[in-house]
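Before any comments, here is the structure.
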Amino acid sequence: MKEFIEHLYNELEFLEGLPFIIPFIIGSFILAFIIINFIAVFAGVCTYIERKVAARIQARVGPYMVGPHGILQWLADALKLLFKEDTVPEKADKLLFKLAPFIVFAGSFACWVALPLAPAFSPARLNIGILYIIAFGSSVILGILMAGWASSSKWALFGAMRSAAQIVSYEVPTGLTILAMLLITGTLDMHNTIAQINLDGTISGGQSQGLPFPLNYFSTNADNFSAGMFSWYIFRYPPFTFIAFIIIYICALAETNRVPFDIPEAESELVSGYHTEYSGMRFSFFFLSEYANMFVFSAIITTLFLGGWLPPFNITGSLLAPACGIILYMLVKGKTTDPANRFIAFCTGAGIGIFLGVLSGDKNYWFADYLGIQSLRFIEGLFWFFTKSFGLVILMMWLRWTIPRYRVDQLMELCWKKLTPLAFINLFCIGILEWLYK
Amino acid sequence: MSLNEILLNIIFYALALTGLFSSFMVATSTNMVRTAFSLLGVLFSFAGLYGLLRADFLFAAQILVYVGGILVLIIFAIMLTHKIANVNLSNESTSSSTVIAVVCILFAVLVFIALTLPEYIKINQRNKPLTEMIGNNLLSDSLLPFEILSVLLLACLIGAVYLARKEVKE
Amino acid sequence: MLLDFGVLLLYIVIACGFLTAALVAGRIIRPNKPYKDKLTTYECGEDTIGTSFIQFNVRFYVIALIFLIFEVEIVLLFPWAVVYKNVGLIALIEMGVFILILLAGFAYVWSQKDLEWVKSEIETEKEHGTNL
């Protein structure tokens, strides 16, 4: 963002006399306003998609009345929440009760500052990026504890305590896994993490050339074989980076209190956990920050593992994928009425298209470069970043309706006795590999 | 004074005042849980001051360890006490004269340190990231203290868990 | 760098401002008719028995303690991870020792069954907190 405003500041003449700080603040303010509205819309759309996914999995229709296919349902929900009475229980600690949503929401919104949204573009370039995000992410616990205690309700207090214990526990494997990835990336800056990847499988700035056997085929033969998505960190040291990805994804589910780890708000036991007593607008902000947190976690995983805003396929692949997908879809359409089968057909076609693209040896990845309009990279990068992150969010929803809830003791055992030792071993293995292959 | 400096001063005084006010609340509040949550303000404003000093790593570590760790521990400890049912439990504080004497001595020590500090430490004008410097230092000069630190942490872990268990048994 | 921290401050301020604006907007258009029954604590239609602030089990505290030690360790490892590429073998060995010493503590806690959430019946009886 700073670079962008600097660019404007140098080019636009009417800004000449002003000190730099003024356009900087105004620019940042506008961006923050856009992002905060994006979060609101994102959370709304997520609730709609979540209900549709649930309906699909349970063979129902889902919301259908507001707008075509119920697509405006989330807007109606938001309006309803705005018109709802906002009660504060008599026994509650009123000050803390009103303060808690602020801490939860500010904590999750502040995490967006360091996210690398597009090439050369993030709200601020903090050189402690990832550490900063997990630090502010953990401050959400305090808001939850505050809400639970201030409600002065048994459900809320139990939910808050369970939630805090759960988030705190799962932060250990998360931290260890991020450390393991840091050994590979060598920087805390979220932006550099992606910017230093070259699409031919090497990492610029460092000496790194090494994927171990057999995937080194992609990097050592970069000239005649396109790497594309194989240059991402998840493919760097195959079995271990995959394990790291799975660990951190499980932890993300636990830290955002998603099923199968939704014990803090298990509706059959605790009504709705720490926000049982909240209603109206205050409740909706807890809801909002929950979805914002889901996105932030997905964005961290996207940045560390899935190459952030880098395009995954070369241009041939990107063009062939939808084409092949549609052809296969058309072929299947007459034979089956089940949308799931059609979807599978489309995905298979897309996969074939991508594979053909890899085989073609095309080394253009950015449409922007191909067309010769460099600034298009911004939109392309933005598209890929949000597509990947959103894909991970959808996966979270899918899991919610597939896996039953864990028990508290199973959850703690999974964290401390399985994930933490595994994360330690993974850290050692990646450390040794990085030392051998760097 | 340029606009930047004015802004910096405003932010500094806002942070310092938040810190002071929250510490005052910590000291005077009669409600134990509110005391713990006032500590949140203190810790955040201190983190902000670290940020102003361009100590980026300390800034994040302060929030991660103190807000996300120690404060949660304190609140869990409060939830553990017998008298939590009696919410308006007051802090059993020592007599105010002793407190004032201790505070005065501490304040004098702080003023002394601030006055005798070498000039180059006072204003940190580095723009280099702190993390790499700390990392290099940990792997060269401070290697031994760092390893000793791990033994200290080990002692903390075993000791604290042992005490917590003993407390329950009794 | 200070500018970037400034952006962070701005975001926190804007988050709080947005929430306040939404709450004020809600306050203007929403109804506000509180009465005694509405303001009672939610308890599935029953009257709340006793206070809501019950004494919690010590296991929450123990978990938080173990977490805190590991958190400090992880924070200390961050600078190491950043410079790992440039230092090489010494860094690997040093951290190996550092982590192994702490893993000994982890093994101790594990062997003493402090990581178990549900303890055996006899042990549970000795504790006097709630079991939920």
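Computed from the coordinates by the stated procedures, all read-outs in this text should not be read as laboratory data. Note that the structure is a prediction, hence the values are computed from the model and not measured. Methodologically, a virtual Cβ is constructed for each residue, glycine included, from the backbone with ideal geometry; neighbour enumeration extends over all protein chains shown.
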> What is the extension gain from residue A:75 to residue A:347, computed as 0.36 nm multiplied by their sequence separation minus the C-alpha to C-alpha distance, in nm to one decimal?
Replying inline: 94.8 nm
> In cubic angstrom, how much convex hull volume per residue do the alpha carbon atoms of the protein assembly as shown span?
Replying inline: 200
> For segment A:242-364, what is the Kirkwood hydrodynamic radius in Å, using each pair of distinct C-alpha atoms?
Replying inline: 18.0
>> Taking the Cα centre as origin and putting +1 on Lys and Arg beta-carbons and -1 on Asp and Glu beta-carbons, what dipole magnitude results for the protein assembly as shown, to the nearest 20 debye?
In response: 1300
>> Taking a ≥ b ≥ c as the square roots of the Cα gyration tensor eigenvalues, with a/c under 1.5 meaning rounded and otherwise prolate when a/b beats b/c, else oblate, which class fits segment B:1-43?
In response: prolate
> For the pair residue A:374 and residue B:155, how long in nm is the line joining their label points, each one 7 Å along Cα→Cβ?
Replying inline: 5.8
> Summing +1 for each Lys or Arg and -1 for each Asp or Glu, what net charge is found among the other residues whose Cβ lies under 14 Å from the Cβ of residue A:305?
Replying inline: +2
>> Using the Cα centre of chain A as origin and beta-carbon charges of +1 (Lys, Arg) and -1 (Asp, Glu), tell me which of A:170, A:364, A:122 is placed farthest towards the positive end of the dipole.
In response: A:170
> If contacts are Cα pairs under 8 angstrom and at least 6 residues apart, what is the relative contact order of chain A in percent?
Replying inline: 19
> Let a ≥ b ≥ c be the square roots of the eigenvalues of the Cα gyration tensor of chain A; is it rounded (a/c under 1.5), or, if not, prolate (a/b larger than b/c) or oblate?
Replying inline: rounded
> Is there a pair in A:91/A:154; A:417/C:113; A:52/A:418; A:98/A:154 whose C-alpha atoms are over 23 Å apart, and which pairs would that be?
Replying inline: A:52/A:418
>> For residue A:152, what residues show an amide H to amide H distance below 5 Å, using hydrogens built from the backbone and excluding near sequence neighbours?
In response: A:93
>> Let me check I've understood the local charge: for residue A:93, count other residues with C-beta under 12 angstrom from its C-beta, Lys and Arg +1, Asp and Glu -1. What total comes out?
In response: +2
> By counting other Cβ atoms within 10 Å of each Cβ, how are A:338, C:114, C:37, A:369 ranked from fewest to most?
Replying inline: C:37, A:338, A:369, C:114
> Going by alpha carbons, how many degrees (0 to 90, nearest 10) lie between the helix axis of A:238-255 and the longest principal axis of chain A?
Replying inline: 20
> What residues from segment A:21-54 fall in the zone where the backbone N is under 18 Å from a label point 7 Å along the Cα-to-C-beta line of residue A:64?
Replying inline: A:48-54
> If each residue's Cβ is checked for other Cβ atoms within 10 Å, how do A:168, A:53 rank with the fewest at the top?
Replying inline: A:53, A:168
> Each residue of segment A:383-394 in turn: what ³J(HN,Hα) in whole Hz from Karplus with 6.51, -1.76, 1.60 and θ = phi - 60°, glycine and Pro shown as x?
Replying inline: 4, 5, 4, 6, 4, 5, 4, 5, x, 5, 5, 4
> What order, most packed first, do the peptides A:419-432, A:17-30, A:96-109 have when packing is the mean number of other Cβ atoms within 10 Å of each residue?
Replying inline: A:96-109, A:419-432, A:17-30
> Exposure proxy check: A:149, C:110 ranked by fewest other beta carbons within 10 Å?
Replying inline: C:110, A:149
>> Relative contact order for segment A:310-369: what percent, with Cα pairs under 8 Å and sequence separation of 6 or more?
In response: 55
> What's the average, rounded to a whole number, of partner chain beta-carbon atoms within 10 Å of each residue's beta-carbon in A:406-413?
Replying inline: 3
> What list of ³J(HN,Hα) couplings, whole Hz, do you get for segment A:289-306 from phi and the Karplus terms 6.51, -1.76, 1.60, once you set θ to phi - 60° and write x for glycine and proline?
Replying inline: 6, 4, 5, 4, 5, 4, 5, 4, 5, 4, 5, 4, 5, 4, 5, 6, 10, 9
> Applying the Karplus parametrisation 6.51 cos²θ - 1.76 cosθ + 1.60 with θ = phi - 60° to the phi angles of segment A:60-69, what ³J(HN,Hα) value in whole Hz is obtained for each residue in order, glycine and proline being reported as x?
Replying inline: 10, 9, x, x, 9, 8, 8, x, x, 6
>> Can you give me the angle between helix A:154-185 and the longest principal axis of chain A, using Cα atoms only, in degrees from 0 to 90, rounded to the nearest 10?
In response: 20
> Using only helices, what value at 222 nm comes out for the protein assembly as shown when you add -39,500 (n - 2.57) per DSSP H run of length 4 or more and divide by the total residues, to the nearest 500 deg cm²/dmol?
Replying inline: -22500 deg cm²/dmol
>> Can you tell me how segment A:1-83 classifies by the Cα gyration tensor, rounded, prolate or oblate, using a/c under 1.5 as the rounded cut?
In response: prolate
> If you stretched the chain out fully between residue B:163 and residue B:9, how much longer would it get, using 0.36 nm times the residue separation minus the C-alpha to C-alpha distance?
Replying inline: 50.9 nm
